[in-house]
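Engineer: Here it is: the structure, laid out below.
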Amino acid sequence: MHTRDIFAAVHKAALLGPMTVLLFGNAASALAHEGDVTASSVNGQPPPSAAILQLEDVRQATARFYDVAQAEAEGYVDIGVFFPNMGWHYLKAGLLDGQFDATQPELLVYADDPCGGPRRLVAVEYAVPLALSKFAPNGFAGVADVWTANTAFGLWTLHAWVFEFNPDGVFAANNPRVP
């Protein structure tokens, strides 16, 4: 398969698959049915195709954590940190190092179910200790992922809203759709 064919397949999958809404937003999801995606995720530019592939890898690698009990069984711990427009943060401390691995997020972010059901996975979060990295880590392909230096927690952080649409973009810190 030629590079152009691979890009076309990825582009089509992004338009038709679950990542369309997550990456490009409401306007794009409405237009995607007609094949005319004009909205974007960050600063007027969608993530490059390589980042789309990485994000789909993240979804596949972390889908088993949709059930919070599975996340806890695999070492993620509710650290009691809740932020409005984010959710509840579950940390796997063993992953907290100076490395970025897209398929091994340090944190999982869950939202409460407004109907009283179990919490649901909405995002993953990457964290690298500030003490281990003077500069923002290299993360996803391209420049759409913008890391935040969180001095309160001593971490570089990056959210990826791969399970809940975020009108502010897949890598935005907050999501107005999460209570």
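Engineer: Scan the strands (runs of 3 or more DSSP E) fully inside region 70-126 and keep the ones with 3 or more residues being farther than 19 Å from Phe171 by Cβ.
Structural biologist: Result: 77-83, 87-91.
Engineer: Additional query: For the subset of region 140-172 comprising residues that are part of a loop (DSSP other than H, G, I, E, B) and small (Gly, Ala, Ser), which member is surrounded by the most Cβ atoms within 10 Å (Cβ to Cβ)?
Structural biologist: Restricting attention to region 140-172, the residues satisfying the condition of being part of a loop (DSSP other than H, G, I, E, B) are 140-147, 151-154, 161-172.
Among the residues that remain, those that are also small (Gly, Ala, Ser) are: 141-142, 144, 152, 154, 169, 172.
Numbers: Ala141: 17, Gly142: 16, Ala144: 20, Ala152: 5, Gly154: 12, Gly169: 23, Ala172: 18.
Only one residue fits best here, namely Gly169.
Engineer: Quick one: would you say Val58 is part of a strand (DSSP E or B), among the aliphatic types (A, V, I, L, M) and within 23 Å of Arg177 (Cβ to Cβ)? Lay out the reasoning, then the answer.
Structural biologist: On the way: part of a strand (DSSP E or B): no; among the aliphatic types (A, V, I, L, M): yes; within 23 Å of Arg177 (Cβ to Cβ): yes.
For Val58, the condition - part of a strand (DSSP E or B), among the aliphatic types (A, V, I, L, M) and within 23 Å of Arg177 (Cβ to Cβ) - is not met.
Engineer: If you don't mind, another one. Within region 113-131, how many residues turn out to be farther than 22 Å from Gln60 by Cβ and either modelled with pLDDT under 95 or not assigned by TED's automatic domain parsing to the domain that holds Gln70 (or both)? Before the answer, list the steps.
Structural biologist: Pass one, region 113-131, residues farther than 22 Å from Gln60 by Cβ: 113-117, 128-131.
Imposing the further condition that a residue be either modelled with pLDDT under 95 or not assigned by TED's automatic domain parsing to the domain that holds Gln70 (or both) reduces the set to 113-117.
The total comes to 5.
Engineer: Also, quick follow-up: Output the residues belonging to region 142-163 that are in contact with a helix residue (DSSP H, G or I) (Cβ under 9 Å, 6 or more places away or on another chain), among the small types (Gly, Ala, Ser) and farther than 17 Å from Asp57 by Cβ.
Structural biologist: Ala149, Gly154
Engineer: Looking at region 113-151 only, could you name the residues that are touching a residue at least 40 places away in the same chain (Cβ under 8 Å), touching a Leu at 6+ places or on another chain (Cβ under 7 Å) and β-branched (Val, Ile, Thr)?
Structural biologist: Val124
The values are calculated or read from the model by the stated rules, or taken from the named source; none is laboratory data. Keep in mind that what you see is a predicted model, and the values were worked out from it rather than measured. Note: ideal-geometry Cβ built from the backbone for every residue, glycine included; neighbour counts use all protein chains shown.
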